[in-house]
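Enquirer: Structure incoming, see below.
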Amino acid sequence: MSAPVSSGRGRHKQLPDAVTSYVREQIMSGNLKPGEFLRMEPIAETVGVSITPVREGLLRLSNEGFVTAVPRRGFVVAEFTRQDVRDLFWAQAQLSGELAARAAERITDVQLQQLEEVMAQCDAAVSSGNTEAIGDLGHQFHRLINLAADSDRLARLLASIVKHLPNSFYASIESHVRTVTPEHHQMLDALTAHDAQRAREITEKHIVNSADYVVQMLEERGLWKDAE
């Protein structure tokens, strides 16, 4: 059978992914500053890979705009602005809003029950102050909505934008309970009523508003410490 070959290819794909995730996290945490050259050897040692996956990972980040390839010198951290953050969330909001609208039209009783169960678990996590569980359940809540939309291509486009920010950021947003949890309840109400327009509006607002929270978080991490 061809399983061993597929497994090898899958592992090769995962290695550059690990590099992109690590470097992206370092950039967004402020540990790597705009204009700073990236040395491949320390990255390879930290991630536990060879130089080849590091090069591939940095090329991917170059395509995403996080780093810039400098001929004969390597890769340098690109500028990442507050507007870049807001643009990413604006794009996410448009696609997520459309997916929520489609979900409102197509969602089944079984899928609604799944969302209700996740929401109940999230409420319990909020009551107990379990921020890690809140983040995980928030991610699960959005995933179920996207699945209910039954629009694989659109969901893939959304995923390509979402990956521009580290997963830890989204978990942090979902655990920001004062605004997120009530909005999730509003989304669930709109989906239960099969109100596509309402589902779109709530989802877009929910995601766009998250941009300000991330900007503030990055400011606190010192990402733009030397900027204006």
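The values are calculated or read from the model by the stated rules, or taken from the named source; none is laboratory data. All figures in this text were calculated on a predicted structure; none of them were measured in a lab. Note: ideal-geometry Cβ built from the backbone for every residue, glycine included; neighbour counts use all protein chains shown. To get the accessible areas, we keep the full protein, side chains included, count just its heavy atoms, and leave off ligands, DNA and RNA. Shrake-Rupley method; radii C 1.70, N 1.55, O 1.52, S 1.80 Å.
Enquirer: So Arg153 passes all but one of these: (1) farther than 27 Å from Thr20 by Cβ; (2) surrounded by fewer than 18 Cβ atoms within 10 Å (Cβ to Cβ); (3) modelled with pLDDT of 95 or more. Which condition number does it fail?
Expert: (1)
Enquirer: Working only within the stretch 22-47, note down all residues that are under 24 Å from the mean Cα position of the chain (by Cα) and either at positive phi or in a loop (DSSP other than H, G, I, E, B) (or both).
Expert: Ser29, Gly30, Asn31, Leu32, Lys33, Pro34 - these are the residues of the stretch 22-47 that are under 24 Å from the mean Cα position of the chain (by Cα) and either at positive phi or in a loop (DSSP other than H, G, I, E, B) (or both).
Enquirer: Another question, then. Does Val110 meet the test of being more than 25 Å from Ala211 (Cβ to Cβ) and either assigned to a helix (DSSP H, G or I) or modelled with pLDDT under 95 (or both)?
Expert: yes
Enquirer: When residues of the stretch 63-79 are filtered for being surrounded by 19 or more Cβ atoms within 10 Å (Cβ to Cβ) and assigned to a helix (DSSP H, G or I), how many remain?
Expert: Residues in the stretch 63-79 being surrounded by 19 or more Cβ atoms within 10 Å (Cβ to Cβ) and assigned to a helix (DSSP H, G or I): 0 in total.
Enquirer: Here is a further query. Does the stretch 48-57 hold any residues that are part of a helix (DSSP H, G or I) and open to solvent by 40 Å² or more (accessible area, probe 1.4 Å), and which are they? So that I can check it myself, show each step before the final result.
Expert: Residues of the stretch 48-57 part of a helix (DSSP H, G or I): 51-57.
Those that are part of a helix (DSSP H, G or I) and open to solvent by 40 Å² or more (accessible area, probe 1.4 Å): Ile51, Thr52, Arg55, Glu56.
Enquirer: Only residues that are buried (at least 16 other Cβ atoms within 10 Å of the Cβ) and modelled with pLDDT under 75: list them for the stretch 178-222, please.
Expert: Within the stretch 178-222, Val180 is the sole residue that qualifies.
Enquirer: Next question, about the same structure. Taking the stretch 119-143 as the search range and keeping residues that are open to solvent by less than 30 Å² (accessible area, probe 1.4 Å), within 24 Å of Arg106 (Cβ to Cβ) and under 17 Å from the mean Cα position of the chain (by Cα), which one is modelled with the highest pLDDT?
Expert: Phe141
Enquirer: If you scan the stretch 27-46, which residues turn out to be without any contact (Cβ under 8 Å) to a residue 60 or more places away in the chain and open to solvent by 40 Å² or more (accessible area, probe 1.4 Å)?
Expert: Scanning the stretch 27-46 gives Asn31, Pro34, Gly35, Glu36, Phe37, Arg39, Glu41, Pro42, Glu45, Thr46.
Enquirer: As an exercise: evaluate Leu165 against (1) assigned to a loop (DSSP other than H, G, I, E, B); (2) among the aliphatic types (A, V, I, L, M); (3) at pLDDT 95 or above and give the number of the one condition it does not meet.
Expert: Unmet for Leu165, out of (1) assigned to a loop (DSSP other than H, G, I, E, B); (2) among the aliphatic types (A, V, I, L, M); (3) at pLDDT 95 or above: (3).
Enquirer: Keeping to the stretch 63-79, report how many residues are among the small types (Gly, Ala, Ser) and over 30 Å from His142 (Cβ atoms).
Expert: 2
Enquirer: Can you tell me which residue among Arg102, Arg60, Arg82 is within 24 Å of His142 (Cα to Cα), open to solvent by 10 Å² or more (accessible area, probe 1.4 Å) and in contact (Cβ under 8 Å) with a residue 24 or more places away in the chain?
Expert: Arg102
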